[in-house]
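As structure tokens, the structure follows; a few thoughts come after it.
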Amino acid sequence: MTAVTAGTAGSAGTAGGAGTIGAADAAAVEAAAHEAVFDAAVAADERIEPRDWMPEAYRASLVRQIAQHAHSEIIGMQPEANWITRAPSLRRKAILMAKVQDEAGHGLYLYSAAETLGTSRDELLDKLHSGRQKYSSIFNYPTLTWADVGAIGWLVDGAAITNQVPLCRCSYGPYARAMVRVCKEESFHQRQGYEALLALSNGTEAQHAMAQDAVNRWWWPSLMMFGPPDDESTHTAQAMAWKIKRHSNDELRQRFVDIAAPQADALGLTLPDPDLRWNEERGHYDFGPIDWTEFWDVLKGNGPCNDQRLSKRRQAHEDGAWVREAAAAHAEKHTGGNNGKAQA
């Protein structure tokens with residue numbers, strides 16, 4: 001890159017001339033030029049790729065969001081995996097095993113996307129295990145009955161789809177591309193949950209009651225999944241300006257309620273909100289106030305299953321150490337062998 005000067009080449013060496021701009025000023029000019037290109041790309045809905053220049057704040061925001069998303073996928077395996085051995089039929093067991101396996105795959109896609117930003121999977125997992133990074137608060141609730149598996153599929157995965165489909169148009173390329181496959185598989189998860197609840201709702205009186213109880217317990221935490229209200233959200237405004245997010249928390253929450261309310265009617269189940277009703281003037285469902293005290297309390301680690309979820313995750317990581325070590329040794333041996341052949 002050529003030197004940036006304040007004056008002409010002829011005046012640079014003269015006494016009293018403006019002279020060459022200092023290194024700090026030149027760096028500032030270069031950064032401003034890079035930022036202008038970045039801003040123009042975002043404004044034009046172009047994708048930012050790993051080798052493109054990006055503001056450090058943009059990079060940090062993506063690492064935080066993608067890491068939280070990846071952590072949620074692997075922690076989210078636990079509540080449902082709890083029911084694999086107790087599924088009511090071989091068909092239900094096979095479906096649930098496939099779903100839990102999908103969640104592991106989603107975590108891998110997302111950790112890989114985060115690694116393109118210069119962080120490492122080991123670093124992200126260390127932050128998860130030490131409590132320095134978060135995962136979705138929804139996974140800190142227990143799955144008490146088989147109906148909870150259906151409620152998670154219908155409500156939790158339904159909320160996830162509402163939140164994640166717009167991420168397929170995220171400004172960061174690797175994240176957007178990972179979300180395309182994730183959303184396709186989440187659609188299967190939502191449908192299997194809905195179908196499981198439908199079977200229970202149309203079953204015996206006890207089965208219907210079990211389905212209703214699960215919906216009662218999972219409805220409000222599902223609404224909390226979209227994050228705090230817009231006026232209390234720390235990251236939403238900037239994430240939307242960078243087009244990491246396309247819609248605000250409250251917009252996505254409203255969209256989810258509008259989808260779920262008529263589905264509940266079709267299931268023959270009642271959403272536990274006496275204020276839920278269609279508002280013709282707004283063209284949306286009105287719904288009652290959310291207990292944000294509960295949300296913040298769970299987020300701080302005081303939920304029913306916070307300690308259990310992290311404890312099991314740490315133990316699984318420790319139990320899998322030998323697999324990672326063996327894979328690393330195999331890779332080193334394989335690489336060394338190739339280098340040896342090349343040198344020969």
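The values are calculated or read from the model by the stated rules, or taken from the named source; none is laboratory data. All of these numbers come straight from a predicted model, not from anything done at the bench. Cβ placement follows ideal geometry from the backbone for every residue including glycine, while neighbour counts extend to all protein chains displayed. Surface accessibility is based on the protein's heavy atoms, side chains included, excluding ligands, DNA and RNA. Shrake-Rupley method; radii C 1.70, N 1.55, O 1.52, S 1.80 Å.
Count of the range 99-139 residues, restricted to those that are in a helix (DSSP H, G or I), polar (S, T, N, Q), in contact (Cβ under 8 Å) with a residue 12 or more places away in the chain and more than 23 Å from D297 (Cα to Cα), is 1. If you take the residues of the range 53-72 that are open to solvent by 10 Å² or more (accessible area, probe 1.4 Å) and touching a helix residue (DSSP H, G or I) at 6+ places or on another chain (Cβ under 8 Å), which of them is farthest from W218 (Cα to Cα)? Once the filter is applied, the top-ranked residue is W53.
Here are R121, R132, R177, R181: which of them is farther than 21 Å from A57 by Cα, surrounded by fewer than 19 Cβ atoms within 10 Å (Cβ to Cβ), of a type outside the set (G, A, S) and modelled with pLDDT under 95?
On the way: R121 fails: farther than 21 Å from A57 by Cα; R132 fails: farther than 21 Å from A57 by Cα; R177 fails: modelled with pLDDT under 95.
It is R181.
For the range 271-286, the condition holds for at least one residue, the condition being that it is hydroxyl-bearing (S, T, Y) and open to solvent by less than 60 Å² (accessible area, probe 1.4 Å).
Restricting attention to the range 74-95, the residues that are in contact with a Gly (Cβ under 9 Å, 6 or more places away or on another chain) and either open to solvent by 40 Å² or more (accessible area, probe 1.4 Å) or free of Cβ contacts under 8 Å to residues at least 60 places away in the same chain (or both) add up to 1.
For the range 184-194, taking the residues that are open to solvent by 10 Å² or more (accessible area, probe 1.4 Å) and touching a residue at least 40 places away in the same chain (Cβ under 8 Å), the one that is nearest to L62 (Cα to Cα) is identified as E185. The residue list G158, G153 contains one member that is under 21 Å from F226 (Cα atoms), small (G, A, S) and touching a Lys or Arg at 6+ places or on another chain (Cβ under 9 Å), which is G153.
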